[in-house]
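A short write-up of the structure that comes next.
The values are calculated or read from the model by the stated rules, or taken from the named source; none is laboratory data. Predicted model, so just to flag it, every value in this text is computed and none were measured. Here Cβ is always computed from backbone atoms with ideal geometry, including for glycine, and neighbour counts include all displayed protein chains. Protein only, heavy atoms only, side chains kept; ligands, DNA and RNA dropped before computing areas. Shrake-Rupley method; radii C 1.70, N 1.55, O 1.52, S 1.80 Å.
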Amino acid sequence: MFLMDTNALFAALYETNVHHRSVTQWLTTTERYASCGMTQIGTFRLLLTPSAMCGKPLEPEEAHVMLTRFTCSAKHTFVMCLPLSRLIVGQTQGHNAAVDDYLVQIASDAGCRLATLDRALATRWPERTFLIN
Amino acid sequence: MLPGMATKFDDLLAEVMHLPARDRARLLSVLKELEFSVANIVHDPTESDPRASMTVITVALPEDLALLAEDAGLLSESSLQDLIRRALDEYNLRTYGVLPGQKRRLVHKNGYLVVESLPGEKPITFEQVKKILDDMEW
């Protein structure tokens with residue numbers, strides 16, 4: 001199982017994203033994938049953000065329906081966000097990296113890796129992440 | 001309540017009480033329906049004060065421009081809204097390649113819903129999305 005990073009989940013749902021095709025293909029080959037509260041709300045907000053949606057964002061109800069349909073798949077699991085870990089988040093390298101590192105921790109706590117499009121993140125945590133090409 | 005209204009209302013009630021039971025029941029049903037409609041109107045966001053979702057903006061303009069705009073009728077709320085909407089359409093076309101009037105479609109793909117690309121829409125990259133996420137207030 002893989003926990004999908006916010007960027008990956010957003011790419012799966014939006015055709016105009018340059019990584020939409022690669023993420024979609026990866027999803028078809030993956031047995032199980034997951035999301036958590038952080039990645040769901042992050043994706044939800046992106047779907048409502050004009051600059052992320054090329055000036056034509058979705059309405060909240062549309063974005064909610066999209067996420068609901070995606071997470072209803074038999075291949076999908078919802079994982080919980082646990083208290084911050086000193087081992088991972090406590091060693092973060094800055095306020096922006098903190099969110100990424102927290103997702104790495106959530107994936108690790110759930111016994112899986114974080115599937116991400118972020119090459120720098122995958123380099124920082126090679127054993128706890130999976131880079132979707 | 002206007003003077004005399006209370007008396008007229010009492011008279012109306014007295015009339016109602018003398019109606020046959022079936023007519024009273026029908027009247028009650030109509031009143032309940034009316035109450036339900038009124039309740040819906042109260043809570044229907046589309047019926048709420050349109051100004052509740054407005055933002056007031058104060059802009060300083062060069063005096064000559066302001067006079068010209070006023071003479072041309074461009075300083076009314078509706079004219080300014082039209083001007084800004086047209087400017088936004090041009091901005092979206094220039095920035096994202098999206099034409100005015102194009103609407104988003106959600107399509108079924110791979111077992112879930114996907115936001116369909118609009119014709120001419122410029123692709124959004126990982127770096128652009130990452131910047132938006134980093135700039136978000138959490």
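Restricting the search to the stretch A:9-26, which residues are facing chain B (nearest Cβ under 7 Å) and not aromatic (F, W, Y)? Give the steps one after another, and end with the answer.
Our first condition is that a residue be facing chain B (nearest Cβ under 7 Å); within the stretch A:9-26, this holds for A:10, A:13-19, A:24.
Passing the criteria: A:L13, A:E15, A:T16, A:N17, A:V18, A:H19, A:T24.
Scan the stretch A:18-62 residue by residue and report those that are closer than 21 Å to B:T95 by Cα and of a type in the set (A, V, I, L, M, F, W, C).
A:V18, A:L46, A:L47, A:L48, A:A52, A:M53, A:C54, A:L58
Within the stretch B:129-138, count every residue that is open to solvent by less than 90 Å² (accessible area, probe 1.4 Å) and outside any loop (DSSP other than H, G, I, E, B). Don't jump to the end; show me each part of the working.
Within the stretch B:129-138, the first condition is being open to solvent by less than 90 Å² (accessible area, probe 1.4 Å), and the residues that meet it are B:129-130, B:132-134, B:136.
From what's left, outside any loop (DSSP other than H, G, I, E, B): B:129-130, B:132-134.
Number satisfying all stated conditions: 5.
Going by the structure shown, is A:L47 at pLDDT 95 or above and facing another protein chain (nearest Cβ under 9 Å)? It would help to see each step written out before you state the result.
Working: at pLDDT 95 or above: yes; facing another protein chain (nearest Cβ under 9 Å): yes.
It is true that A:L47 is at pLDDT 95 or above and facing another protein chain (nearest Cβ under 9 Å).
Check off (1) part of a loop (DSSP other than H, G, I, E, B); (2) open to solvent by less than 30 Å² (accessible area, probe 1.4 Å) for A:S73 and give me the number that stays unchecked.
Single failed check for A:S73: (2).
Applying the selection to the stretch B:80-127, what residues are open to solvent by 80 Å² or more (accessible area, probe 1.4 Å), more than 7 Å from every other protein chain (Cβ to nearest Cβ) and under 15 Å from A:E15 (Cα atoms)?
B:K103, B:R105, B:H108, B:P119
List the helices (runs of 4 or more DSSP H) inside the stretch A:1-68, counting only whole elements, that have at least 2 residues being open to solvent by 50 Å² or more (accessible area, probe 1.4 Å) and closer than 12 Å to A:I132 by Cβ.
Working: elements: A:6-13, A:20-29, A:37-48.
Those helices (runs of 4 or more DSSP H) span A:20-29.
Using the structure shown, decide if B:A60 is of a type in the set (A, V, I, L, M), modelled with pLDDT of 85 or more, out of contact with any His (no Cβ under 7 Å at 6 or more places or on another chain) and open to solvent by 50 Å² or more (accessible area, probe 1.4 Å). Explain how you work it out, then say what you get.
Working: of a type in the set (A, V, I, L, M): yes; modelled with pLDDT of 85 or more: yes; out of contact with any His (no Cβ under 7 Å at 6 or more places or on another chain): yes; open to solvent by 50 Å² or more (accessible area, probe 1.4 Å): yes.
Answer is yes for this residue.
Restricting attention to the stretch A:76-133, which residues are assigned to a strand (DSSP E or B) and open to solvent by 30 Å² or more (accessible area, probe 1.4 Å)?
Within the stretch A:76-133, the first condition is being assigned to a strand (DSSP E or B), and the residues that meet it are A:76-78, A:113-116, A:129-131.
Passing the criteria: A:T77, A:F78, A:R113, A:F130, A:L131.
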